Structures are given as structure tokens and as C-alpha cells.
Amino acid sequence: MAEWIDVCSEDDIDFEDVVRFDHGGSTYAVYRSPDGEVFATDGLCTHEEAHLADGLVLDDTIECPKHNGRFNYRTGAPLRSPVCVAIGTYPARMVNGRFEIQI
Ligand code: FES
């Protein structure tokens with residue numbers, strides 16, 4: 001069953017930013033949108049497995065650092081070539097100043 005996992009303090013991630021989170025042998029990317037909402041996705045690009053946390057958050061998209069493919073981090077949908085396969089998304093929340101994701 002999926003459980004809520006503590007990721008970091010809200011102070012560790014800026015608005016319109018992304019942070020890498022490794023847990024249980026998998027890599028995730030956790031986001032804060034420009035208005036402070038929190039999101040989580042798989043951490044590796046579906047094109048050639050670059051770390052998305054090394055990429056750039058622009059509004060509600062993450063741009064991969066390797067070939068500039070883009071995903072919507074709210075839905076996981078691929079938005080720009082060369083990516084064409086969606087990334088997984090996970091529930092995320094902020095509780096008492098702690099960022100948590102459900103995996
Ligand atoms: Fe992400 Fe190529 S590895 S676009």
C-alpha cells in the first residue's frame with residue numbers, strides 16, 4: 001500500500017523549483033509551482049534517463065537538462081520532442097512545513 005514519505009522541509013525547495021529525492025532504489029523529482037503548490041514525478045526522463053531535477057521549471061512544465069524535452073509535472077504528459085512517453089506522477093502535500101509524497 002502506498003504510504004506518505006517525508007521528503008524535505010518546505011524551506012529546502014523554492015517556488016518554481018525542483019529537487020531530487022531518492023527512496024527505495026528509485027529516483028523522484030519534487031516540485032513547487034510558481035504559486036507554491038507541490039507535485040512529484042518520476043525523477044528520470046523517459047527519453048534517455050537524465051535527472052529531471054537538474055532541469056528547469058517553467059510555469060507548470062519541467063524541461064529536461066539533456067535534450068530540452070518537456071513534461072507537464074502536474075500530469076506527467078510529454079509536451080515537447082524528443083520526449084514522447086509520459087512520466088509517472090505521485091500525490092504530494094505539505095504538512096506542518098514538511099514536504100511529503102505518496103509512493
Ligand atoms: Fe530528456 Fe533526452 S534525456 S530529453
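Distance from the alpha carbon centroid of segment 8-33 to that of segment 71-103 works out to 10 angstrom. Rounded to the nearest Hz, the phi-derived 3J(HN,Hα) couplings of segment 22-32 under the Karplus curve 6.51 cos²θ - 1.76 cosθ + 1.60 (θ = phi - 60°) are 9, 7, x, x, 10, 10, 10, 10, 10, 10, 10, where x marks glycine and proline. For segment 76-88, the Karplus equation 6.51 cos²θ - 1.76 cosθ + 1.60, evaluated at θ = phi - 60°, returns couplings of x, 5, x, 10, 8, 3, x, 7, 9, 10, 5, 9, x Hz by residue, with Gly and Pro reported as x. With contacts taken as Cα pairs under 8 Å at a separation of at least 6 residues, the chain carries a relative contact order of 28 percent. Scanning residues 5 or more positions from Ala50 or on other chains, those with amide H under 5 Å from its amide H are Cys45, with H placed 1.01 Å from N in the peptide plane. Each pair of Cα atoms in the chain enters the Kirkwood radius, and Stokes-Einstein at 20 °C and 1.002 mPa s then converts it into a translational diffusion coefficient of 161 µm²/s.
Summarising the amide proton neighbourhood of Asn68: residues at separation of 5 or more, or on other chains, whose placed amide H is nearer than 5 Å comprise an empty set.
This ranking places Phe21, Phe99 by how few other beta-carbon atoms lie within 10 Å of each, fewest first, which gives Phe21, Phe99. Dipole orientation for the chain: of the candidates Val30, Val7, Gly76, Gly76 has the Cα lying most toward the positive pole (charges on Cβ; Lys, Arg +1; Asp, Glu -1). Near Leu52: Cβ cut-off under 11 Å, other residues only, Lys/Arg at +1 and Asp/Glu at -1. The net charge is -1. Residue exposure proxy: Glu49, Glu3, ordered by other Cβ atoms within 10 angstrom of their Cβ from fewest to most, comes out as Glu3, Glu49. Rounded to the nearest 20, the size of the Cβ-charge dipole of the chain about its Cα centre is 360 debye, with Lys and Arg at +1 and Asp and Glu at -1.
A simple spin-label model places pseudo-atoms 7 Å from Cα toward Cβ; at Asp17 and Cys84 they are separated by 3.6 nm. Taking θ as phi - 60° and the Karplus parameters 6.51, -1.76 and 1.60, the scalar couplings of segment 14-19 work out to 7, 4, 6, 8, 9, 9 Hz in sequence order, x denoting glycine and proline.
Here, each number is a calculation from the coordinates, and none is a lab measurement. Bear in mind the structure is a predicted one, so any value in this text is a computation, not a measurement. So basically every Cβ, Gly included, is an ideal-geometry build from the backbone, and we count neighbours across all protein chains shown.
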